[in-house]
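**Q** My structure is below; once you've seen it, I'll send some questions.
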Amino acid sequence: MPKTVIVSNRLPIKIKEEHQKLTYQPSEGGLATGLGSIYKEGDNLWVGWPGLAVNKNDQKQEITKKLASENMKPVFLSTSEIEDFYEGFSNETLWPNFHYFNQYVIYDDELWKAYQKVNRKFAKEIENVIEEGDTLWIHDYQLLLVPQMVRESKPRISIGFFLHIPFPSYESFRLLPWRRELLHGMLGSDFLGFHTYDDMRHFLSSVNRLAGLGNANGQVNVDNRKVMVDALPMGIDFDKYAASAASPDTLAREVRYRTSIGDHKLMLSIDRLDYSKGIPQRLKAFESFLTDHPEFREKVSFLMIVVPSRDTVPKYKQLKEEIDLLVGRINGNFGRLNWTPIHYFYRSFPLPALSAFYRMAHVALVTPMRDGMNLVCKEYIASKLDKKGVLILSEMAGASKELSDAIIINPNDLDQMVAAIHEALTMPEKEQVERMEIMQESIKRYSIHQWVRLFMERLKYIKSEQVGLQTRLLDQELTNTLVEKCKSAKSRLIFLDYDGTLVGFNTNPGDSKPDKELRGILKALTSDPKNKVVIISGRGRQTLEDWMVDFPVDIIAEHGVWNRKHNGEWKTLVKLTDSWKADILKLLEGYVNRTPGSFVEKKDYSLVWHYRKVETGLGEARTRELTSHLKYLTSDKDLQVLEGDMVVEIKNSQVNKGKAAEVWVDRNPTELVMAIGDDWTDEDTFRSVPKDAVTIKVGGTSSVAKYSVGSYLDVRRILKELTKK
Ligand code: GDG
């Protein structure tokens with residue numbers, strides 16, 4: 001039975017050593033809750049670091065045995081690996097870069113080496129447990145290289161990856177010297193999930209600029225494998241937080257806390273100690289609020305919980321000191337004997353305590369400078385059983401994309417934060433309930449369970465697409481068998497696309513005339529009476545006629561608009577009109593004027609806008625604009641807009657290569673049909689030829705063709721073999 005293996009840096013368990021005895025406690029994190037339904041079943045497994053340095057072998061064995069009974073497999077890390085891989089490269093290089101704190105990034109090749117080494121260690125552990133047919137779900141920024149490492153040893157495994165922190169814009173990501181390797185590592189996955197659309201488009205933009213791979217609706221072709229990228233915001237277990245908010249333990253705590261704090265209004269914030277969370281900025285906003293609105297002094301307190309984290313790292317130590325100073329200053333300046341402005345705790349609390357805080361808080365201040373998602377704000381909403389309470393949420397948190405009924409602020413805008421606090425504290429209850437209801441609905445619907453379900457579904461879907469489009473790479477042995485099969489046929493009909501199939505791509509399309517080698521191949525191929533060769537191309541008929549003048553070939557030009565038997569007249573398959581061309585040409589010329597490096601190619605029944613020489617990114621942006629413009633202009637005409645390799649083509653919709661090839665197959669009964677092509681317009685040809693035809697796709701993309709080769713050079717090699725006596 002195929003199994004699912006979850007991989008994350010930390011296992012969902014807390015192990016502590018007390019008096020030389022190990023104690024185990026399950027962790028309550030959102031991920032552990034969401035994935036609990038998966039990894040605890042059958043042979044499924046969670047692979048990760050158990051969270052402590054273990055040096056003794058007998059202790060390792062003890063932990064391994066204990067965890068096996070909980071469907072977990074530990075990856076042990078040495079003290080230096082924890083320092084260099086985890087605290088170092090993960091938290092002092094990737095974390096600040098991905099959160100746009102580039103001034104904090106440490107660029108150190110030794111840390112990078114440790115990161116590679118530990119990622120390799122994880123990959124090895126995975127390889128030991130994974131089998132054909134299994135599914136792997138890898139989590140987060142500590143393990144970016146693992147997908148590709150596993151892919152290399154287990155090429156057919158389903159690999160999903162989810163990034164919990166933001167994926168930065170290309171302008172930030174490019175600063176990392178190891179950016180290409182990191183990207184390559186991630187692209188070993190079949191499905192990559194991000195919290196927001198912004199993260200997804202930033203990732204795709206880096207893939208485009210650094211790996212030269214474009215995408216169609218979030219799908220990227222990587223080494224003949226379709227990879228899907230999507231935005232999939234992570235949710236929480238709504239019912240769990242709602243139930244906890246109603247539990248007797250929580251209610252008892254609320255009574256106790258209220259008695260000590262007093263009955264004034266309460267604002268709440270809960271974060272791990274991190275510079276990305278905007279804690280000092282939040283404190284300064286509260287200080288300004290108390291200065292600007294003295295009427296709220298003694299009426300409102302701020303309960304600030306900071307969970308200790310990474311405080312051995314110098315930047316975090318400094319941050320802790322800054323927070324201590326600010327809290328001291330504000331409490332010192334504004335405090336009264338009967339009122340403490342800020343109740344500050346640098347520690348963690350059990351869930352019933354958190355639930356009591358959520359219940360008590362009139363306002364939740366969630367104001368990170370950057371946050372992948374932020375689950376605290378969602379937990380606050382789920383805990384508001386009476387629907388009263390206001391959420392102030394930073395637009396820099398992924399959650400702000402879903403929770404537009406919060407008061408959305410920019411954490412760099414102090415005045416706006418002060419105004420938001422005032423608005424929240426004076427918001428009428430009716431409005432609070434209305435906003436809260438909408439947010440609760442959304443959080444119920446997009447729960448952690450829905451997130452896990454969707455992730456698995458998307459991964460399964462892309463895997464089935466891949467299998468449907470799998471071509472067999474023609475290695476030498478397979479080529480020999482195929483060539484023998486072709487040679488033994490008494491008659492052959494051979495469809496050959498031109499650009500990218502018989503010749504490589506040239507920046508200037510006029511430079512693609514048949515060279516000496518190709519001329520030799522075409523001569524040998526057409527001098528065998530058993531062969532009927534058809535050049536089937538998107539190019540205009542005049543060019544093809546000129547280039548093929550010396551060879552007895554049939555030609556299908558302009559993607560099937562024109563056709564000509566050798567030495568025959570040019571004909572069209574159906575009656576076509578070109579009355580649309582003038583209007584569209586005018587539009588395209590407008591785009592050429594605005595886009596240096598682009599040009600328009602004019603054919604009899606089609607127009608093509610080329611952008612191969614345009615600045616990376618600009619051509620794609622113009623294409624989006626142009627195609628939506630064209631959609632409107634062509635809606636009442638029988639036209640088709642095709643996006644190809646750095647081109648946009650507008651042509652009559654009644655014709656395509658497939659329809660033309662069908663006519664040739666009908667008129668020329670042959671024992672064997674062969675079709676070779678490189679771009680997606682050739683897919684129509686592959687679909688239209690008989691089932692037993694030999695179809696070959698050139699280049700690294702998925703296809704309905706049966707076989708694939710790397711480039712036009714391989715096509716030439718095969719055709720040469722075919723013509724050998
Ligand atoms: C990363 C991304 C993304 C906090 N204090 C206590 C406690 N917590 C719990 C909260 C919440 C969790 O910790 C914090 O989750 P966040 O989402 O806010 O932040 P990160 O830990 O930075 O997580 C983040 C997340 O991954 C998921 O993809 O949202 O953007 O940075 O669940 O309740 N829990 C207990 N005691 C505490 O004192 N029990």
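**Q** Compactness ratio of region 305-417: Cα Rg over 2.2 N^0.38 Å, N = residue count?
**A** 1.15
**Q** Roughly how tilted is helix 109-129, in degrees to the nearest 10 and between 0 and 90, from the longest Cα axis of the chain?
**A** Tilt of helix 109-129: around 80 degrees.
**Q** Order 323-336, 594-607 from most to least packed using the mean count of other Cβ atoms within 10 Å.
**A** 594-607, 323-336
**Q** What chymotrypsin sites (Phe, Trp or Tyr not before Pro) does region 160-221 have in DSSP loop regions with at most 15 other beta carbons within 10 Å?
**A** Within region 160-221, no chymotrypsin sites (Phe, Trp or Tyr not before Pro) qualify (loop, at most 15 other Cβ atoms within 10 Å).
**Q** Mind giving me the nanometre distance, one decimal, between the label points for ASP583 and THR481, set 7 Å out from Cα along Cα→Cβ?
**A** For ASP583 paired with THR481, the spin-label model returns 5.4 nm.
**Q** Okay, moving on. Counting other C-beta atoms within 10 Å, and keeping those with at most 16, which DSSP coil GluC sites (Glu not before Pro) do you find in region 617-725?
**A** The qualifying sites are GLU671.
**Q** Further question on the same structure: Mind checking the full-extension length gain between ALA216 and HIS629? Use 0.36 nm per residue of separation minus the Cα-Cα distance, one decimal, nm.
**A** So the chain would gain 146.8 nm between ALA216 and HIS629.
**Q** Would you grab the residues whose amide H sits under 5 Å from the one on ALA361? Only those 5+ places off in sequence or on another chain, please, with H modelled 1.01 Å from N.
**A** Under 5 Å from the amide H of ALA361: no residue qualifies.
**Q** Just how many % of Cα pairs in region 63-131 lie over 14 Å apart, if you round to the nearest whole percent?
**A** Beyond 14 Å sits 65 percent of the P(r) for region 63-131.
**Q** Taking R0 as 51 Å, what's the FRET efficiency between SER404 and THR23 from their Cβ-Cβ distance, rounded to 0.05?
**A** E between SER404 and THR23, to the nearest 0.05, is 0.70.
**Q** Considering only protein heavy atoms, what is the solvent-accessible area of HIS202 at a probe of 1.4 Å, reported in Å² to the nearest 10?
**A** Accessible area, nearest 10 Å²: 30 Å².
**Q** Using a ≥ b ≥ c from the Cα gyration tensor of region 369-451 (square roots of the eigenvalues), is it rounded, prolate or oblate, where a/c under 1.5 gives rounded and otherwise the larger of a/b and b/c decides, a/b for prolate?
**A** oblate
**Q** Please determine, in degrees from 0 to 90 and to the nearest 10, the orientation of helix 314-334 with respect to the longest principal axis defined by the Cα atoms of the chain, where the helix direction is its Cα long axis.
**A** 40
**Q** Mind checking which aspartates and glutamates have their Cα closer than 13 Å to the Cα of LYS284? Skip sequence neighbours fewer than 8 apart in that chain.
**A** ASP292, GLU322, ASP324, ASP413, ASP415
**Q** Give me the base-10 log of I(q)/I(0) for region 142-284 at each q in 0.12, 0.19 Å⁻¹, Debye formula, one uniform scatterer per Cα, rounded to two decimals.
**A** -0.67, -1.14
**Q** Sticking with this structure for a sec: Could you sort out which of LYS240/LYS460; LYS485/LYS657; LYS378/LYS430; LYS14/LYS315; LYS56/LYS277; LYS117/LYS320 sit more than 30 Å apart by Cα distance in this structure?
**A** Among LYS240/LYS460; LYS485/LYS657; LYS378/LYS430; LYS14/LYS315; LYS56/LYS277; LYS117/LYS320, the Cα-Cα distance tops 30 Å for LYS56/LYS277; LYS117/LYS320.
**Q** Stretch GLU569-GLU615 to full length: gain in nm at 0.36 nm per residue minus the Cα-Cα span?
**A** Length gained, GLU569 through GLU615: 12.4 nm.
**Q** Could you tell me which of rounded, prolate or oblate describes the chain, using a ≥ b ≥ c as the square roots of the eigenvalues of the alpha-carbon gyration tensor, with rounded for a/c under 1.5 and, failing that, prolate when a/b is larger than b/c and oblate otherwise?
**A** prolate
**Q** Here's another thing I want to ask about it. Where does region 626-668 land on Rg/Rh, using Cα atoms and the Kirkwood Rh?
**A** 1.13
**Q** Mind checking which aspartates and glutamates have their Cα closer than 17 Å to the Cα of LYS40? Skip sequence neighbours fewer than 8 apart in that chain.
**A** GLU28, GLU70, ASP134
**Q** Another question about this same structure. Give me a comma-separated list of calculated 3J(HN,Hα) values for region 93-100, in order, Karplus coefficients 6.51, -1.76, 1.60 applied at θ = phi - 60°, integers in Hz, x for any Gly or Pro.
**A** Once θ is set to phi - 60°, the couplings for region 93-100 become 10, 5, 4, x, 5, 6, 9, 6 Hz.
**Q** Please compute the modelled spin-label separation between GLU643 and GLU132, points set 7 Å along Cα→Cβ, answer in nm with one decimal.
**A** The two pseudo-label positions are separated by 3.7 nm.
**Q** Rounded, prolate or oblate: pick one for region 496-579, where a ≥ b ≥ c are the square roots of the eigenvalues of its C-alpha gyration tensor, a/c under 1.5 means rounded, and failing that, prolate if a/b is larger than b/c, else oblate.
**A** The shape class here is oblate.
**Q** In addition: Hey, got the dipole for region 108-200? About the Cα centre, +1 on K and R Cβ, -1 on D and E Cβ, debye to the nearest 20?
**A** 240
**Q** Roughly how tilted is helix 516-526, in degrees to the nearest 10 and between 0 and 90, from the longest Cα axis of the chain?
**A** 60
**Q** From the phi of every residue in region 35-46, what ³J(HN,Hα) in whole Hz does the Karplus formula 6.51 cos²θ - 1.76 cosθ + 1.60 yield, where θ is phi - 60° and glycine or proline is x?
**A** Taking θ as phi minus 60°, the curve returns 8, x, 5, 8, 6, 7, 8, x, 8, 4, 8, 10 Hz for region 35-46.
**Q** Once you keep just the Cα pairs under 8 angstrom separated by 6 or more residues, what percentage relative contact order results for the chain?
**A** Computed over the chain, the figure is 10 percent.
**Q** Still on this model: Give me the net charge for the shell around VAL533: Cβ to Cβ below 10 angstrom, other residues only, Lys and Arg +1, Asp and Glu -1.
**A** 0
**Q** Also: Identify all lysines with a Cα-Cα distance to LYS124 below 18 Å; exclude those on the same chain that are fewer than 8 residues away in sequence.
**A** LYS3, LYS60, LYS73, LYS113, LYS154
**Q** Here's another thing I want to ask about it. Please give me, ordered by residue number, the trypsin sites (Lys or Arg not before Pro) of region 460-517 that lie in loop per DSSP and have at most 11 other Cβ atoms within 10 Å.
**A** For trypsin sites (Lys or Arg not before Pro) across region 460-517 that sit outside H, G, I, E and B with at most 11 neighbouring Cβ atoms in 10 Å, the list reads LYS490.
**Q** For SER301, enumerate residues with amide H under 5 Å from its amide H, sequence gap 5+ or separate chain, H modeled in the peptide plane.
**A** Here LYS265, LEU266, MET267 satisfy the definition.
**Q** Here's another thing I want to ask about it. What full-extension length gain, to one decimal in nm, is calculated for ALA243 and GLU152 as 0.36 nm per residue of separation minus the Cα-Cα distance?
**A** Separation in residues times 0.36 nm, less the Cα-Cα distance, equals 28.2 nm.
**Q** From the phi angles alone, apply the Karplus equation (6.51, -1.76, 1.60; θ = phi - 60°) to region 581-591 and give each ³J(HN,Hα) in whole Hz, x where the residue is Gly or Pro.
**A** In residue order, the calculated couplings are 5, 4, 5, 5, 4, 4, 5, 5, 4, x, 5 Hz.
**Q** Which residues' amide hydrogens lie under 5 Å from the amide hydrogen of ALA675, considering only partners 5 or more residues apart or on another chain, with H built in the peptide plane?
**A** Those qualifying (amide H under 5 Å, at least 5 residues apart or on another chain) are PHE495, VAL694, THR695, ILE696.
The values are calculated or read from the model by the stated rules, or taken from the named source; none is laboratory data. Here the structure is a predicted model, which means the values were calculated and not measured. Don't worry about glycine lacking a Cβ; one is built from the backbone with ideal geometry, like all the others, and counts go over all protein chains shown. These area figures cover heavy atoms from the full protein model, side chains too; ligands, DNA and RNA do not enter into them. Shrake-Rupley method; radii C 1.70, N 1.55, O 1.52, S 1.80 Å.
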